[in-house]
1. Can you tell me the length gained on complete extension of the stretch B:Arg5 to B:Asp109, counting 0.36 nm per residue apart and subtracting the Cα distance?
2. What full-extension length gain, to one decimal in nm, is calculated for A:Val111 and A:Asp188 as 0.36 nm per residue of separation minus the Cα-Cα distance?
3. Suppose the Debye formula is applied to equal point scatterers at every Cα of the protein assembly as shown; what is log10 I(q)/I(0) at q = 0.06, 0.08, 0.13 Å⁻¹?
4. Work out which residues of the stretch A:259-291 lose at minimum 30 square angstrom of accessible surface when the other protein chains are put back, relative to the chain isolated, with a 1.4 angstrom probe, and list them by number.
5. Taking Cα centroids, how far is the stretch A:114-157 from the stretch A:264-299 in Å?
6. Across the residues of B:71-77, average count of Cβ atoms on other protein chains within 10 Å?
7. Average partner chain C-beta neighbours within 10 Å, per residue of B:41-53?
8. What nm distance separates the two modelled labels at A:Lys260 and A:Val59, each placed 7 Å from Cα along Cα→Cβ?
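The values are calculated or read from the model by the stated rules, or taken from the named source; none is laboratory data. Treat the numbers as computed from the prediction; the structure is a model and nothing was measured. Ideal geometry is used to build each Cβ from the backbone, glycine not excepted, and the neighbour counts take in all protein chains shown. When the accessible area is computed, the model is the full protein with side chains, heavy atoms only, and any ligands, DNA or RNA have been set aside. Shrake-Rupley method; radii C 1.70, N 1.55, O 1.52, S 1.80 Å.
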Amino acid sequence: MQDYELMLDAYAKAGGVPSVFKDSNIAHLIVHKNKVIGSSSVKGLILEPKETETGIDVVLTVEKGIKIENIVHLCFGIIPQEGIQEINIKARIEDDARVKLFAHCVFPNAVKIIHKMEAEIEIGNNAYYEYNEVHFHGETGGIEVVPKARIKVGNNSHLVTNFSLLHGRVGVFNLDYESEILDNSTLDMTAKIYGYGDDRIKIREAGYLRGRASRGLLKSRIAVKDNAISEIINELTASAPDAKGHVDCVEVIQGNAQAKAIPIVNVTNELAKVTHEAAIGRVDKKQVQTLMARGLEEEKAIDIVVGGMLK
Amino acid sequence: MEILRIEKISLNLEGRQILEDLSLSVKSGTIHSILGSNAAGKSSLAYVIMGCCDYIAQAGKVYFLEEDITHLSVSRRAKMGLTLAWQEPARFEGLTVKDYIAVGMKTRDEDLITESLRHVLLEPSDYLERQVDKTLSGGERKRIELAAVFAMQPRLVILDEPDSGIDILALDNIINMIKALKKQGTTVLLITHREEVSEIADVTSLMCSGTIVKEGRPKEVGKHFKEKCIPCPTKAFPSEVDKQVKGAK
């Protein structure tokens, strides 16, 4: 099979629907290692990928007033066991624009792979930007994933990010997202990860609520078992009047796994407020016994509880 | 026919005697209520019958359908047709109401899921896709618990204070649901501290200080409870209660 077919096969296994890449009304970008193997755009969306030695540089612009009707689909990955992929994204969502992106990152055979993503994102006024990223890894854990994003959000805008890594071994994972939110704008950042074996998970999500009446929610749902280790740093700073934020971190551990949550809550304006909740522990006994009292075996009951949390 | 028999169960948790020498027999096809004040040991009895992991009796036996289930797991007991609806049901992030109700069904039946919600006066179109999480009120969660039990169609269900946290209007509905359970062939062990709720039972056992002190017709036992147990004298005059318990035995 050619790289394209192999990527689509892995993409489908990751939950993607390959037919989207054949629809001319749907913008997309498929990148295998440092090769662009599929790309198309729609009116009002500028999507310019440029191959580099180790990956690609992408410029993504949604022009002023343009609302992209269909989700923009991205697929990044490496099919062989070894390799490096560095994705540099410069995205600009202009005033009154709207776009949703769905990125599938597929590394089904990873033994020695590095996947780095570095994004600089600017969201204008009255704009909406949603970025969903789903990872699909193999069972060896031989992968290092390093996503980094610096995001600026203008006035009256909305930023949503959803990251999930629930299929296959995590490997070594180090996410670092930082966002600055201006007047009346909203930040909604979620990460869901399931680690096992000797996976290492480190997440830093930071939101700076600098605008009046800005809002921020940082949400993490992490499950670790075997010898996996997770460390979640949720940092929310509110420095403007009526800015409000909340940090919500739940980590479930099984076996010899270890989990750490570090909420950093910083308020520098007397009219601002940030709250946080963090819970770390084994799967709730009452939840498990409730499902067992319906006839499920303990293992299955735990799967349902953890699966629901990560859904 | 006897569906559940408890023989001289004693439970001690962290040095405190919770159940002592408790025996009980429940007939198949009946509503059998356990009436008692707070801290009488009613919920602990429910957990012992269900086999919950922190409630392992130090002495005594539990028989279900003539089989000794004292050492069986919660799952095993549930597969035999025994289940429990908790006083404060657990919440599940990411699990929809329809999937939660389906968990206990032998074969998933969408019509029965819908019907079970209607039985507890929850409009299926409003609830099927909702999550069984903290967005539900306590009352909604309890109704969904009853709907799940109805859909499971167990042989015996222990309802631990299904009336607590429920407003007066909803109480009638809960009572109707309990009667519907009986009608579908499920035996109900109804735990309550309200004698008016207990009156829907065929038989009532009065529980005090970890044991059954009286058993009989619901109205008679309820009258005794109202006259002698409210307020609960165990907290005010423990020695008097000792006499009362021994006298009732």
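1. 34.2 nm
2. 24.4 nm
3. Computed log10 I(q)/I(0) values: -0.41, -0.68, -1.20.
4. In the stretch A:259-291, residues shielded by partner chains: A:Lys285, A:Lys286, A:Gln287, A:Gln289, A:Thr290, A:Leu291.
5. Here the two parts' Cα centres lie 25 Å apart.
6. That average works out to 5.
7. Average neighbour count from other chains, rounded to a whole number: 1.
8. 4.2 nm
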